[in-house]
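Student: Dropping a structure here in structure tokens format, bear with me for questions.
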Amino acid sequence: MGGCLNQVNRIAAFDALRGLCIVSMVVHHASSGSLLDKMTHAYRWVDGAVGFVLLAGVLIGMIQRRAIATKSLQAGARLLRRRSRQLYVYHLVLTFAALCAGAYAVGHPLLPQVVNEQGWLIAVGGALILSVNAMNADLLSVYAVLIFCTQAITPLLARGRTWAVFCISASIYVVALIMPQQFTLPAAPGELGYFNLGAWQALYVVGLLAGWHWTSKAVRKVFDSRAALIASVMLLCLGGLLRVLEVEGPAIDFLLGKFSLGPASLVLAFALFIFLTRFLTKLITSRAGWLISPLCILGRNSLAAYLTLAFWFLAATAFQAYDPASVTGMFASAAVLLVILLWGIFQTSAIRRKHKQQKTPSAPRQS
């Protein structure tokens, strides 16, 4: 059924996938340690943040190839700069909110204490140069840097140098695994943060290459073949078995560690991407397709969803509004998701009204 899984259904599946990533992040951040969090993150090797970055690469690869093909390389670069500027501004807003929250909740381990320890000048200056990245609000920093650096990749892709891009990314990845501290975004001046940027770029670039070549026969074969689906399921089952058996040790930390995205984590992330893309695309074309429409709405408004979650986390943490591991925490997750969904419905309705008005011909003027 290679050609039957058309582009429209695939894009809808990507929206649903991003929606799943949003649900994963909301549950983990708003109700960390709760029963709901443990149930939805039992398969701990791949989570919402991993999917978010991988999908970002896929979609940007698709958009960049179309922009360069229909317009120019410069047009594609302008799109990247515009998006990275937008994300950088959001990073500054979020980081400033996190600094205020940390200044209010003195000593809280989940909030930046830069203001209390080094003053506002260093704190704000650190935010400007990405040396202050608040916990659970730092994914935008990674996203902004990756998109900005994509400008160096697209000229190579436009000239057909896919293997050159892959080799460069793989080389950076290997060095980042050997020297993680040199590639990790700081949480504060002198304090390492969460994301090893040199490792996470590999996840993004793999997605970027898949998105760039999305219409090629090779990529279609990977995503449409039964062998690829079976291999993905087997890999995911193997990862699940390691989780059930609670296999631990330095080798597991290296292969499956999320901090530096070990090699096995990359493989499992792509295997899950293949499996869920196939599953959701099939579901969309079935009678039960309406069941995932809320996920599609969340996915189409993923940036607004992430910002809502980040602000919620900062406020709830600063004011210690509830225990995330409690039943209240699970209700908080549901409340955040409801707010995001309602906003997405409002946005979708507004866009549809705008398109309808544009299609409606204006009444002829009276002479």
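Student: Which of Ala97, Ala69, Ala310 moves the most in a Gaussian network model of the chain with Cα springs under 10 Å?
Tutor: Ranking Ala97, Ala69, Ala310 by mean-square fluctuation puts Ala69 first.
Student: Can you give me the distance in nm between label points at Ser225 and Arg85, each placed 7 Å from the Cα along the Cα-to-Cβ direction?
Tutor: Once both label points are built, they end up 4.4 nm from each other.
Student: What residues qualify as long-range amide H neighbours of Phe195, i.e. H under 5 Å apart, gap of 5 or more or another chain, H built at 1.01 Å from N?
Tutor: Under 5 Å from the amide H of Phe195: Leu185.
Student: Using a 10 Å cut-off on Cβ atoms, rank the peptides 83-93, 133-143, 258-268 from the highest mean neighbour count down. Mind showing how you got there, number by number?
Tutor: On the way: 83-93: 17.6, 133-143: 24.1, 258-268: 19.9.
Packing proxy ranking, top to bottom: 133-143, 258-268, 83-93.
Student: Another question, then. Full extension from Leu128 to Leu338: what is 0.36 nm times the residue separation minus their Cα-Cα distance, to one decimal in nm? Walk me through the numbers on the way to the answer.
Tutor: Values: separation 210, 0.36 × 210 = 75.60 nm, distance 3.26 nm.
Result: 72.3 nm gained on full extension.
Student: Given the Cα atoms of the range 7-346, and with Rh set as the inverse mean 1/r over their pairs in the Kirkwood sense, what is Rg to Rh to two decimals?
Tutor: Values: Rg = 19.9 Å, Rh = 20.8 Å.
With Rh from the inverse mean 1/r over Cα pairs, Rg/Rh is 0.95.
Student: May I ask you to compute the full-extension gain from Thr348 to Asn116, defined as 0.36 nm times their residue separation minus their alpha-carbon distance, rounded to one decimal in nm? Walk me through the numbers before you get to the answer.
Tutor: Numbers: separation 232, 0.36 × 232 = 83.52 nm, distance 4.22 nm.
That works out to 79.3 nm of additional length.
Student: Taking every alpha carbon pair in the range 5-98, what does the distance histogram look like in 10 angstrom bins from 0, in percent?
Tutor: 14, 31, 35, 17, 4, 0
Student: Now, a different point. Using R₀ = 22 Å, calculate the FRET efficiency as 1/(1 + (r/R₀)^6) where r is the Cβ-Cβ separation of Cys149 and Leu303; round to 0.05. Please list the in-between numbers first.
Tutor: Details: r = 19 Å, r/R0 = 0.86.
Efficiency computed from Cβ-Cβ geometry: 0.70.
Student: Taking the Cα centre of the chain as the origin, how large is its charge dipole in debye, to the nearest 20, when only Lys and Arg (+1) and Asp and Glu (-1) carry charge on their Cβ atoms? Mind showing how you got there, number by number?
Tutor: Values: 30 positive and 11 negative charges, 499 e Å.
Value, rounded to 20: 2400 debye.
Student: Determine, for Met25, Met39, the number of other Cβ atoms within 10 Å of each Cβ, and report the residues in order from fewest to most. Don't skip to the answer; put the middle values down first.
Tutor: On the way: Met25 24, Met39 9.
Ascending Cβ contact count within 10 Å gives the list Met39, Met25.
Quick note: the coordinates plus some simple rules give every number you see, no bench work behind them. Bear in mind that the values here come from a model prediction, so they are computed numbers and not experimental data. All Cβ positions, even for glycine, are placed from backbone atoms using ideal geometry, and neighbour counts span all protein chains on display.
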